Amino acid sequence: MNYVEPRKARHRIEIADGREQLTIPFKRYWFVILFLSFWLCGWALAWIDTARELSRGFQPFLMVWLCGWTLGGVFAIAVLAAQFGSERLRVVDRDLEVSSGIGPLRRTRLYRGKAIEKLTSWTPEPYRFYTGRSQRPFWMHQRTTGAVKFDYGAKSIFLAGGVDEPEGRMIVDWLARRLGIEAIG
């Protein structure tokens, strides 16, 4: 009988711009990747066909349709690109910098280290339909699930979506040492 091998942590610690950072790749949903890849091929063909039709003569309905179709395609491209993004955590002068996105398209938030309380790992709520972090573009509202949680004023902040609680504890330990605070749980 063979042992089940323990899963390796998804996060990695690296040096960027002379600073240590923890990078957590977004959880990938292969059905979303395959579906949107095929859908975008059909989307592109319809867009090109409609643009050709418009080049023959202005038609108000087709112009409105093409604008809506373009917005839908941009959204689908953003969702597909987000599948390959990541969340980065850095401690800069005892403050926590969190950035989410892909490449240079990142949303960055900075939290005062002194205001971070009750840093802990926890078991995230089970994912409901369409609530996973990587299923929506990074610029949309902040999630309410993640394996790392802390209180920041009157709000709870969640980090490390798509990570299980044991890996969340590793991340909490890494953060607590660098922030100079005591983790709970």
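The values are calculated or read from the model by the stated rules, or taken from the named source; none is laboratory data. Because the structure is predicted, anything quoted here is derived from the model rather than measured. Cβ placement follows ideal geometry from the backbone for every residue including glycine, while neighbour counts extend to all protein chains displayed.
Structure summary
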quantity: Filter result (touching a residue at least 24 places away in the same chain (Cβ under 8 Å) and surrounded by 14 or more Cβ atoms within 10 Å (Cβ to Cβ)) within the stretch 34-57; calculated: LEU36, TRP39, LEU40, TRP43, TRP47
quantity: Members of the stretch 161-185 found to be modelled with pLDDT of 90 or more and farther than 19 Å from ARG94 by Cα, listed by number; calculated: PRO166, GLU167, GLY168, ARG169
quantity: Any hit, the stretch 124-147, residues being out of contact with any His (no Cβ under 7 Å at 6 or more places or on another chain), modelled with pLDDT of 90 or more, surrounded by 15 or more Cβ atoms within 10 Å (Cβ to Cβ) and of a type in the set (A, V, I, L, M); calculated: no
quantity: Residues of the stretch 52-103 classified as over 24 Å from VAL163 (Cβ atoms) and under 19 Å from the mean Cα position of the chain (by Cα), total; calculated: 4
quantity: Residue, surrounded by the most Cβ atoms within 10 Å (Cβ to Cβ), within the stretch 165-185, restricted to residues that are of a type in the set (Asp, Glu) and under 20 Å from the mean Cα position of the chain (by Cα); calculated: GLU167
quantity: Subset of the stretch 47-86 [small (Gly, Ala, Ser) and touching a Phe, Trp or Tyr at 6+ places or on another chain (Cβ under 7 Å)]; calculated: GLY73, ALA76, ALA82, GLY85, SER86
